[in-house]
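Visitor: Please find one structure pasted underneath; my questions will follow.
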Amino acid sequence: MNLIEKLADLVGFHRNYIDAFGNQVHAKDEARQALLKAMGYNIDQDEAIEQSIAELEQQAWRKILPQVHIAKSEQHHHQITLSLANGLADNFSWLITTESGEQHSAQVALADLPQGDSAQFEGTTFTQYFLGLPRIEDGYHQLSLTYGEQTDTCHLIFAPQKCFSPNEAADFKMWGFAAQLYSLQSENNWGMGDYSDLTKLVKGAASKGASAIGLNPLHPLYQNNPAHRSPYSPTSRCFLNTQYIDVSAAPFYQETKAVQTLVTSKAFKDKINFARSTTLIDYPAVADVKYQALELLYPAFIENNDAALIAEFSAFKAKNGDALLRHATFEALYEHFRKLDFHAYGWTKWPEAYQNPHSAEVEEFKVQNQSRIDYFMYLQWLAHRQLLTAQHKAKASGMPVGLYLDLAVGCDGSGVDVWSDKDVYVAGASVGAPPDLLNTLGQDWGLTPINPVALQKQGYQPLVRALRSNMQYAGALRIDHILGLMRQYWVAPGMKADEGVFITYPLEDILRIIALESRRSKCVVIGEDLGTVPDGFGEIMASAGLLSYKVLFFETWESGLFMRPEQYPEQSMVTVSTHDLPTLAGWWTGRDLEWRQKLNLYPNEQMGIDDRNSRVQDRDNLLAALSDMQVIDVNNAPQTSPAIMNRELSVAVQKYMALAPSRIQLIPLEDALENVEQVNIPGTIDEHPNWLQRIPVVLENLWENDAMTDICRAMQEARPKHNE
């Protein structure tokens, strides 16, 4: 074994993996070297590599306490492993400071503790001891220990085993709709769906018996680069996308003369009409009108000095503290440097002094631009209160779940999260996925991965902040690419997507953190576990109380036959399709295969031919499955050649899914309305209208739409609320 391979092993990189086609793929040395370098290891000289190897091998011995210790709260006895250098003292003292500020302490004699193994380094012998811990409340605490003249601390977390379950939210099988928020059309919005549209959607769906509204990630993107539109490539996984603000619902909108003069002018009305009329959403046009008005509303808000609203805004800033200040500072800096250089997309293009959020130059910028930074905090507050209104409406309308939000797998490397905490991110590397049946060339998502070692050092707080930030608005949270919390596929700088390397993450610890936050927020958690799933992963998820993510198109036997609904696990969320897959209409008519051929996504021509031939059989298999479960009138079934979509099939498929014991069923609006084009094709940006399409019906008419009426009626019968 060479030194690079040994170091890579210790860090957690995998030497190989089995791909979706059953082949063993070996990690390339060039990829491992590039990724180790990106993580900050000096690999240019053997001596430096040997030193890094020694530090990793010895760190558990040389450090008294682990970086983080997670105590399983369901257990009756708790202990932590210590590593003490022999002969420094006969006893030690420990102190636990709880999250609420309470303290527990004791003095302990070494002779009273059970011992473990020993190891010797450079003449010093280290011995393991097992220290019993008191049972304290679930939460994030700190343990300090003093031994002789040595002191060490660690994050001490007491966490439950299982997440808040859908059974605790409702005693019946639930259903709801999934929506891309930007795609909503209404009589009042300014060119894309907004938080007020969401409230209307919630109200209407609740009146039809729905229990949840699933959404795309609502994380912030780049306010001063609205063309950056993928919700899965955010600047941060905390805070919100302010472009979804309903300007007309902001305080003092009607009373502010300057705003009313602006919005009633012909030029501004023309701009809004243009933003509303484009076939595909024009994000820059929407941003132009929204932020122009919000610029006037902020000073009006300050000048009105409404005591209750000022107190609410102040409380929001106090609660979010330094994280909000950093986010707003980043927005102000991004705006500032793009004015100087249009191509300054993110902090990596700023002068070096401003690439460090703690530099003297950044501190001076904060002083000089205090009002501007406050404006960006004001926008976050508006987004927060409008999204909270939607969730409150959902709960008040009898929805057990309400909003079902989506947590992206990572952040864009040019954004605020990476700028704020470079120690925890691996700049230059990218999260992706290996080649599979749908993406035969592999995927590079352009998201900066989190260093699992640094994540542990920080007591998992970056993950905690992301979970908590999203769960505060949600009754359910989907975690995108949950497999990445066990092992993540990293693409090295300058290498192709099919040359990535897997790295191990501390899954057991992470699932405990998710369970703790889930229970605190009473938020159901769904793990998106599509793709190549390691053996036993489903059982691990289930034991932690996460719902599996089941998609009709993937739930087939090797023969190609569709699994009967009763084969689906109860602890799952079911849906026909997702944003990265064809809609039902697109799948039935083969529109997705046309796109794959057009975009050259097949590595060879034969694979495209095989796909098209297989789809013919797939259609027959689906009709057979629907007929078997007696959810379709075969006399009204759509023709298969040429394939034409119809209402009978649209409703039958949802009735089929409703028969599954799965606790939640989501129906994408694109499927309910029989759209042909899918929301996003992975691996493309502008070649396909990703994240740009509007639903074809305005919200005010949505519930009178024949397709929606038929779907709602079918779901009310198939998944009724037991308390009705």
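The values are calculated or read from the model by the stated rules, or taken from the named source; none is laboratory data. Predicted, not measured: the structure shown is a model, and the values here were computed from it. For neighbour counting, all protein chains shown are included, and Cβ atoms are generated from backbone atoms with ideal geometry for every residue, glycine included.
Visitor: Regarding residue 469, is this residue surrounded by fewer than 23 Cβ atoms within 10 Å (Cβ to Cβ), among the hydroxyl-bearing types (Ser, Thr, Tyr) and not in a strand (DSSP E or B)?
Guide: yes
Visitor: Give all pairs with beta carbons closer than 9 Å in which a residue from region 458-472 that is at positive phi and touching a residue at least 12 places away in the same chain (Cβ under 8 Å) meets a residue that is part of a helix (DSSP H, G or I) and hydrophobic (A, V, I, L, M, F, W, C); count only pairs at least 6 apart in sequence or on separate chains.
Guide: Every condition considered, the pairs that remain are 460/510; 460/513.
Visitor: Inside region 161-199, can you point out the residues that are assigned to a loop (DSSP other than H, G, I, E, B), among the aliphatic types (A, V, I, L, M) and closer than 17 Å to residue 395 by Cα?
Guide: 170
Visitor: Okay, next question. Restricting to region 495-544, give me the number of residues that are part of a strand (DSSP E or B) and either among the aliphatic types (A, V, I, L, M) or touching a Cys at 6+ places or on another chain (Cβ under 8 Å) (or both).
Guide: Residues meeting the conditions: 5.
Visitor: Sort out for me the helices (runs of 4 or more DSSP H) sitting completely within region 257-374 that have 2 or more residues that are over 33 Å from the mean Cα position of the chain (by Cα) and small (Gly, Ala, Ser). It would help to see each step written out before you state the result.
Guide: Working: elements: 257-263, 266-277, 283-304, 307-340, 360-368.
Output list reads 307-340.
Visitor: Hey, could you check region 79-119 for residues that are charged (D, E, K, R) and out of contact with any strand residue (DSSP E or B) (no Cβ under 7 Å at 6 or more places or on another chain) and say which is surrounded by the most Cβ atoms within 10 Å (Cβ to Cβ)?
Guide: Step one: of region 79-119, the residues charged (D, E, K, R) are 90, 99, 102, 112, 117.
Among the residues that remain, those that are also out of contact with any strand residue (DSSP E or B) (no Cβ under 7 Å at 6 or more places or on another chain) are: 102, 112.
Numbers: 102: 11, 112: 8.
For region 79-119, the residue satisfying everything is 102.
Visitor: Follow-up. Here's a check for you: in region 222-245, which residue that is crowded, with 23+ Cβ neighbours inside 10 Å and either among the aliphatic types (A, V, I, L, M) or more than 29 Å from residue 463 (Cβ to Cβ) (or both) is nearest to the chain's Cα centre (by Cα)?
Guide: 240
Here's the yes/no breakdown for (1) among the charged types (D, E, K, R); (2) in a loop (DSSP other than H, G, I, E, B); (3) surrounded by fewer than 21 Cβ atoms within 10 Å (Cβ to Cβ):
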| residue | (1), (2), (3) |
| --- | --- |
| 656 | no, no, no |
| 661 | no, yes, yes |
| 671 | yes, no, no |
| 679 | no, yes, no |
| 687 | yes, yes, yes |
| 715 | no, no, no |
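Visitor: Which members of region 90-138 meet the condition of being assigned to a strand (DSSP E or B), touching a residue at least 12 places away in the same chain (Cβ under 8 Å) and within 30 Å of residue 520 (Cβ to Cβ)?
Guide: Scanning region 90-138 gives 94, 95, 96, 97, 104, 105, 106, 130, 131, 132, 133.
Visitor: Something else: Residue 624 passes all but one of (1) among the aliphatic types (A, V, I, L, M); (2) assigned to a helix (DSSP H, G or I); (3) modelled with pLDDT under 95; which number fails?
Guide: (3)
Visitor: I've got another one for you. Please find, among 328, 360, 344, 353, the residue that is farther than 22 Å from residue 298 by Cα and surrounded by 20 or more Cβ atoms within 10 Å (Cβ to Cβ).
Guide: Exactly one of 328, 360, 344, 353 is farther than 22 Å from residue 298 by Cα and surrounded by 20 or more Cβ atoms within 10 Å (Cβ to Cβ), namely 344.
Visitor: Return a yes/no flag: does region 246-260 have any residue that is touching a Gly at 6+ places or on another chain (Cβ under 6 Å), buried (at least 20 other Cβ atoms within 10 Å of the Cβ) and more than 24 Å from residue 581 (Cα to Cα).
Guide: no
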